[in-house]
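Below is one structure, written out as structure tokens; the observations come after it.
The values are calculated or read from the model by the stated rules, or taken from the named source; none is laboratory data. Keep in mind that this is a model prediction, so the values were computed, not measured. As a convention, Cβ positions derive from the backbone with ideal geometry for all residues, glycine included, and neighbour counts pool all protein chains shown.
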Amino acid sequence: MKKIAGIFVLGLLGVTACDVVTEPYGPQIDYGWDPDFDLDPVYNDTTVTKRRILLEEFTGHKCPNCPEGQDIAKDIHNTYPEDFFVVSIHNSGSFSSTDDKFPTDFETETGEKLRIAYQFSAFPGGMLNRSDIGGAIKIPYQQWSSTVAGLIANPTYMAPRFKLYLKNTYNNEVGNRTIRIQYKVEALQNVTGNIALVAYVLENKIISPQTDNRLSDSYVPDYEHNHVLRDGFPGDGSGKTIFVNPAAGEVVDITDPNEFLISGINENWVPENIDIMVFVYDSDSGEILGLEEMPLIN
């Protein structure tokens with residue numbers, strides 16, 4: 001494999017959000033993994049040949065305006081269920097800090113790298129495929145709906161760049177839960193740049209407190225958090241380079257288990273509520289060029 005190029009490019013400053021925060025990233029769990037996968041593995045595979053739009057939504061359980069942004073994202077997904085996907089990134093300084101009223105630690109190394117790289121300091125905020133749209137990478141949440149509609153209506157933007165074939169294998173060994181992802185990626189167009197492959201672990205249906213300033217009592221003890229980023233791998237979400245300036249028809253087909261994407265699944269996460277998102281992106285510009293999402297287990 002080629003040496004991985006620069007991970008993220010810096011975005012432009014956002015224009016609307018809840019507040020400004022500067023607190024550092026919190027504690028992180030150390031994940032182990034077992035490459036043998038010899039105990040009760042679960043398989044899942046998928047193929048996709050289309051471009052989708054990914055909203056990387058920066059949020060926090062103490063952010064009073066963030067539930068409104070999450071509702072907007074949910075409505076967009078319901079409108080475009082095959083074309084629009086969401087990952088909720090809870091790295092927002094004081095809005096993501098934990099205490100007795102907000103006990104769940106949602107922060108990740110991957111989320112913090114993204115927050116710093118794209119200079120997010122006000123929330124909610126988001127990027128759509130990390131694309132430069134009208135001179136901005138960070139899009140105000142009030143503009144997500146109209147911006148997504150415009151992108152989906154643009155056949156040039158939505159033209160597929162890559163075809164992805166993915167197979168995940170989940171090993172549910174107690175104390176050593178592990179996923180590995182076998183992949184085949186084909187370039188459908190000539191693409192310029194260093195192209196990397198990345199996987200996210202997302203967890204849904206997490207019941208934990210949230211602040212919502214639309215309510216008379218803004219403290220919601222049983223809020224349902226979805227699409228929550230739990231891990232990015234390899235390289236804490238920087239990924240691994242699979243192409244350099246690929247031509248149409250060029251294929252990367254990985255069959256050696258030593259080259260699969262591999263990560264641990266924390267014992268506190270609920271496997272039935274976990275999705276695995278895999279995407280290809282230009283590690284020079286940061287733009288996401290193709291993605292797929294699949295459940296950890298069926």
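How many residues does segment 260-298 hold that are of a type in the set (Ser, Thr, Tyr) and either free of Cβ contacts under 8 Å to residues at least 60 places away in the same chain or assigned to a loop (DSSP other than H, G, I, E, B) (or both)?
2
Criterion applied to Ile207, Ile195 was being modelled with pLDDT of 95 or more and surrounded by 17 or more Cβ atoms within 10 Å (Cβ to Cβ), and the one residue passing it is Ile195. Could you grab me the full set of residues in segment 206-234 that are under 25 Å from Lys113 (Cα atoms) and not in a strand (DSSP E or B)? Matches in segment 206-234: Asn226, His227, Pro234.
For segment 242-258, the criterion of being surrounded by 13 or more Cβ atoms within 10 Å (Cβ to Cβ) and within 18 Å of the chain's Cα centre (by Cα) is met by none of the residues.
Within segment 111-124, the set of residues being of a type outside the set (Val, Ile, Thr) and either in contact with a helix residue (DSSP H, G or I) (Cβ under 7 Å, 6 or more places away or on another chain) or not in a strand (DSSP E or B) (or both) comprises Gly111, Glu112, Lys113, Leu114, Arg115, Ala117, Tyr118, Gln119, Phe120, Ser121, Phe123, Pro124.
Across segment 221-240, what is the number of residues that are crowded, with 16+ Cβ neighbours inside 10 Å and farther than 21 Å from Leu54 by Cβ?
Residues that pass the stated criteria total 1.
A single member of Thr98, Thr147, Thr192, Thr104 is farther than 29 Å from Ile265 by Cβ, touching a residue at least 12 places away in the same chain (Cβ under 8 Å) and assigned to a loop (DSSP other than H, G, I, E, B), and it is Thr192. Identify all residues within segment 45-84 that are out of contact with any helix residue (DSSP H, G or I) (no Cβ under 7 Å at 6 or more places or on another chain) and among the hydrophobic types (A, V, I, L, M, F, W, C); write none if there are none. If the condition is that a residue be out of contact with any helix residue (DSSP H, G or I) (no Cβ under 7 Å at 6 or more places or on another chain) and among the hydrophobic types (A, V, I, L, M, F, W, C), then Val48, Leu54, Cys66 are the ones that fit. Among the residues of segment 132-146, write down those that are closer than 21 Å to Lys74 by Cβ and crowded, with 20+ Cβ neighbours inside 10 Å. Correct list: Lys138, Ile139, Tyr141, Trp144.
Would you please name the residue that is farthest from Gln189 (Cα to Cα), looking only at residues in segment 199-248 that are in contact with a Ser or Thr (Cβ under 6 Å, 6 or more places away or on another chain) and hydroxyl-bearing (Ser, Thr, Tyr)? So, considering only residues that are in contact with a Ser or Thr (Cβ under 6 Å, 6 or more places away or on another chain) and hydroxyl-bearing (Ser, Thr, Tyr), the one farthest from Gln189 (Cα to Cα) is Ser218.
Filtered by the rule that a residue be in contact with a Pro (Cβ under 9 Å, 6 or more places away or on another chain) and either in a helix (DSSP H, G or I) or more than 21 Å from Leu114 (Cα to Cα) (or both), segment 239-259 gives Val252, Pro257, Asn258.
Just one of the numbered conditions (1) more than 17 Å from Phe85 (Cβ to Cβ); (2) out of contact with any strand residue (DSSP E or B) (no Cβ under 7 Å at 6 or more places or on another chain) is not true of Lys163: (2).
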